[in-house]
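S.K.: Sharing a structure here in C-alpha cells format.
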Amino acid sequence: ILANSSAFLNQCLENINWLGFYLNIEGNLILSSFQGKPACIKIPFNKGVCGYCARNQETIIVDDVHSFAGHIACDSASKSEICIPIILNGELYGLLDVDSPITARFSNNEKLFLEEAVKIITDALKNAK
C-alpha cells in the first residue's frame with residue numbers, strides 16, 4: 001500500500017524532490033517506502049520536521065527548512081517540506097513526508113490534498129489488517 005501510494009503521489013505532485021513514508025516503530029520514525037534520493041533511516045521524535053509532526057500528530061508545512069531549528073538535511077537541495085501524520089486506530093502509525101527544492105512550495109491546496117490521500121491510505125491499511 002505504501003509503496004504504490006508513494007509512487008502515485010510522486011507522479012501527482014510537481015516540483016518535489018522526495019516523497020515517502022516513515023513508520024512509528026518503538027518511538028522512532030523508521031524509513032519505509034519512498035521516491036527520491038536515499039534518506040535518513042531512523043529519525044527520533046525530538047528531531048527535525050518529521051519528529052515535530054510525530055510529536056504533535058498534526059500536519060506541518062515548513063516554507064524554509066533551513067530556518068527550522070533541528071532540521072535534518074537528508075538532501076541539501078530540499079528547501080521546503082510538508083509532513084502529514086498517519087493515525088491508525090487512535091495511534092500514530094507513521095507519517096507522509098514530502099520535500100521540495102522550492103522555498104514555500106506547499107500551499108493549503110497541497111495540505112488538503114495530502115491529508116485526504118492519507119485518509120484513503122489509512123482506510124486501506126485498516127482493511128489490509
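S.K.: Can you tell me how many residues in the range 105-117 are closer than 13 Å to residue 9 by Cα and either assigned to a loop (DSSP other than H, G, I, E, B) or open to solvent by less than 10 Å² (accessible area, probe 1.4 Å) (or both)?
M.R.: Residues flagged as closer than 13 Å to residue 9 by Cα and either assigned to a loop (DSSP other than H, G, I, E, B) or open to solvent by less than 10 Å² (accessible area, probe 1.4 Å) (or both) within the range 105-117 amount to 1.
S.K.: Which members of the range 1-28 meet the condition of being out of contact with any helix residue (DSSP H, G or I) (no Cβ under 9 Å at 6 or more places or on another chain) and open to solvent by 50 Å² or more (accessible area, probe 1.4 Å)?
M.R.: Result: 3, 4, 10, 11, 14, 15, 25, 26.
S.K.: Then there is this: In this structure, does residue 70 turn out to be buried (at least 18 other Cβ atoms within 10 Å of the Cβ), at pLDDT below 95 and touching a Gly at 6+ places or on another chain (Cβ under 9 Å)?
M.R.: Judged against the criteria, residue 70 is not a match.
S.K.: Let me ask you something else. How many residues are surrounded by fewer than 19 Cβ atoms within 10 Å (Cβ to Cβ) and outside any helix (DSSP H, G or I) when one looks only at the range 41-58?
M.R.: Kept after step one, since they are surrounded by fewer than 19 Cβ atoms within 10 Å (Cβ to Cβ), are these residues of the range 41-58: 41-42, 44-47, 55-58.
Within this subset, residues satisfying the condition of being outside any helix (DSSP H, G or I) are 41-42, 44-47, 57-58.
Number satisfying all stated conditions: 8.
S.K.: Kindly list, by first and then second residue, each pair from a residue in the range 29-40 that is open to solvent by less than 40 Å² (accessible area, probe 1.4 Å) to a residue that is of a type in the set (S, T, N, Q), limited to pairs with Cβ atoms under 8 Å and residues at least 6 apart or on different chains.
M.R.: Qualifying pairs under 8 Å: 33/5; 33/6.
S.K.: Related question: Looking at this structure, is residue 17 touching a residue at least 40 places away in the same chain (Cβ under 8 Å), under 18 Å from residue 100 (Cβ atoms) and of a type in the set (S, T, N, Q)?
M.R.: yes
S.K.: So, in the range 75-104, exactly how many residues are surrounded by fewer than 23 Cβ atoms within 10 Å (Cβ to Cβ) and part of a loop (DSSP other than H, G, I, E, B)?
M.R.: Number satisfying all stated conditions: 10.
The values are calculated or read from the model by the stated rules, or taken from the named source; none is laboratory data. What you are looking at is a predicted structure, and each value in this text was computed from that prediction instead of being measured. No Cβ is skipped: glycine too gets one built from the backbone with ideal geometry, and neighbour counts run over all protein chains shown. In case anyone asks, the SASA skips ligands and DNA or RNA and just uses the protein heavy atoms, side chains included. Shrake-Rupley method; radii C 1.70, N 1.55, O 1.52, S 1.80 Å.
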